[in-house]
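Each remark here refers to the structure printed beneath this line.
The values are calculated or read from the model by the stated rules, or taken from the named source; none is laboratory data. Model, not experiment: these values are computed from the prediction. Every residue, glycine as well, gets a Cβ built from its backbone with ideal geometry; the counts of neighbours run over all protein chains shown. Keep in mind that these areas ignore ligands, DNA and RNA; they rest on the heavy atoms of the full protein, side chains included. Shrake-Rupley method; radii C 1.70, N 1.55, O 1.52, S 1.80 Å.
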Amino acid sequence: MILPIVAYGDPVLKKKGKDITKDYPKLDTLLDNMFETMYNAYGVGLAAPQIGLPIRLFLVDTTPFAEDEDLTTEEQKKLKDFKRVFINAKITKEEGDEWAFNEGCLSIPDVREDVFRQPKITVAYVDENFKPHTEVFDGLIARVIQHEYDHIEGILFTDKLSSLKKRLIKGRLTNISKGKISVDYRMRFPDQKKKR
């Protein structure tokens, strides 16, 4: 089932997510719905807060990035078929010189800005079967994970922008929260007056 994606301005996007246990109700259905919702919106990642749930869960599928001709064959191969569920994730280490990448977010449609992040991360998490993992990721995969991880920490990519950049996009952000935007996927807007 395709779920509505929560738009910028909703307080759930600012909440730090809570850990979940393996008896979380209907987890399999939730994961299926989240993947379906993400693919429907052409996303490469989706975090639970983006569908209104303040829990530490996000998923990633970087396959669409594998088509990028600017990337090396090795990078393309890594990105193709990288599909993962991260539950109760904790980034334990970030390394390397920060690099800029133009990021966007399904909760903030039509706003894209350069965000600086470190290229290499170590993540401890459990998968959908609650099997624990500690893995090192780099490049674009690390970037997507960091972006989604921020969501479960209550952080949006716009929070990482300079105060000048924030001022420049303030009007667009206000319009998003009011639903004054056209998107081709289901969304829930915090400031939209309930129409009945």
Condition check: of a type in the set (V, I, T) and either modelled with pLDDT under 95 or touching a Pro at 6+ places or on another chain (Cβ under 7 Å) (or both). Does I169 satisfy that? no
Keeping to region 1-24, report how many residues are open to solvent by 90 Å² or more (accessible area, probe 1.4 Å) and free of Cβ contacts under 8 Å to residues at least 60 places away in the same chain. 3
Flagged in region 25-50 as of a type in the set (V, I, T) and open to solvent by less than 20 Å² (accessible area, probe 1.4 Å), in numbering order, are T37
Residue ID - farthest from V126 (Cα to Cα), chosen from residues in region 57-93 that are open to solvent by less than 10 Å² (accessible area, probe 1.4 Å) and not aliphatic (A, V, I, L, M): T62
Taking L57 and the conditions (1) in contact with a strand residue (DSSP E or B) (Cβ under 9 Å, 6 or more places away or on another chain); (2) over 17 Å from H133 (Cβ atoms); (3) in contact (Cβ under 8 Å) with a residue 24 or more places away in the chain, which numbered condition does it fall short on, given that it satisfies the others? (2)
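Filter the strands (runs of 3 or more DSSP E) completely within region 94-154 down to those with at least 1 residues that are open to solvent by 40 Å² or more (accessible area, probe 1.4 Å) and free of Cβ contacts under 8 Å to residues at least 24 places away in the same chain.
Values: elements: 99-105, 108-117, 120-126, 132-138.
Output list reads 99-105, 108-117, 132-138.
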Counting only residues that are of a type in the set (S, T, N, Q) and surrounded by fewer than 19 Cβ atoms within 10 Å (Cβ to Cβ), how many does region 155-165 have? 2
How many residues does region 4-40 contain that are outside any helix (DSSP H, G or I) and closer than 21 Å to I155 by Cα? 13
Among the residues of region 180-194, is any assigned to a strand (DSSP E or B), open to solvent by 20 Å² or more (accessible area, probe 1.4 Å) and either aromatic (F, W, Y) or touching a residue at least 12 places away in the same chain (Cβ under 8 Å) (or both)? yes
